[in-house]
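See structure below.
Read-outs: derived from the displayed coordinates by stated rules, not from any lab. Not measured: the values here are computed from a predicted model. No Cβ is skipped: glycine too gets one built from the backbone with ideal geometry, and neighbour counts run over all protein chains shown.
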Amino acid sequence: MDKIPGQSEQTHKDFLESFVSKEKRVAVGRDAKWTAIAIALITLVGQQIILNTKNIKILYSPLENYLKPGVASLGDYITIGNTFMLSAPVILAFAIIFVYAYVRIQKQEGFAPGHFFVGAGFLYFAALIGNTLGFAPVRTAGLRPGNPYATMAIILGDLYNSYGFILFFSSIVVGIFIARAWNILATD
């Protein structure tokens, strides 16, 4: 179609631009892609498969999509969402802990023993909420006051024993992704 002389050219404004800038969406998309790569690798490491030539070729095709440059695809967000739907309360507790830790590291402040006990409390109560709401069940040995480092290790051990290798580390990765996305979207 020819342009009529004297008529201004209309540009289509991105609807999402009014909510979140394109740079922030691209940054979150890049993080989502790397989160999906991490989940795929954790799943690969957690599987008990025999690595022969045929299996390597089968495994290569989904990973090949992840290694292409660009931001996350819909499949990447579905992978993150599936992990989130299994252990949402614990993932959100991990995200809160990572946001707090990121701020402390940025300010170059240390961690007091009480911070580990509060982190363990977040994870413990998130596990109880998840058990109540029907998410992946967590068998907790109970929150025991005492050494805060040991308490955090015990709660993390309970989560690992309940979730297994794949879901435990995938939950940590998705928690880090949510913390990074929050940090990107909350800063101006």
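Using the Cβ-Cβ distance between residue 78 and residue 104 with R0 = 35 Å, the FRET efficiency computed as 1/(1 + (r/R0)^6) comes to roughly 0.60. Each peptide in 107-118, 73-84, 164-175 receives the mean, over its residues, of other Cβ atoms within 10 Å, and ordering these scores from highest gives 164-175, 73-84, 107-118. Work out, step by step, the length gained on full extension between residue 132 and residue 112: first 0.36 nm times the residue separation, then minus their alpha carbon distance; give nm to one decimal. Fully extending the segment from residue 132 to residue 112 adds 4.1 nm.
Residues within the reach of a label modelled at residue 141 (point 7 angstrom out along Cα to beta-carbon, backbone nitrogen below 14 Å), restricted to region 155-170, are 155-162.
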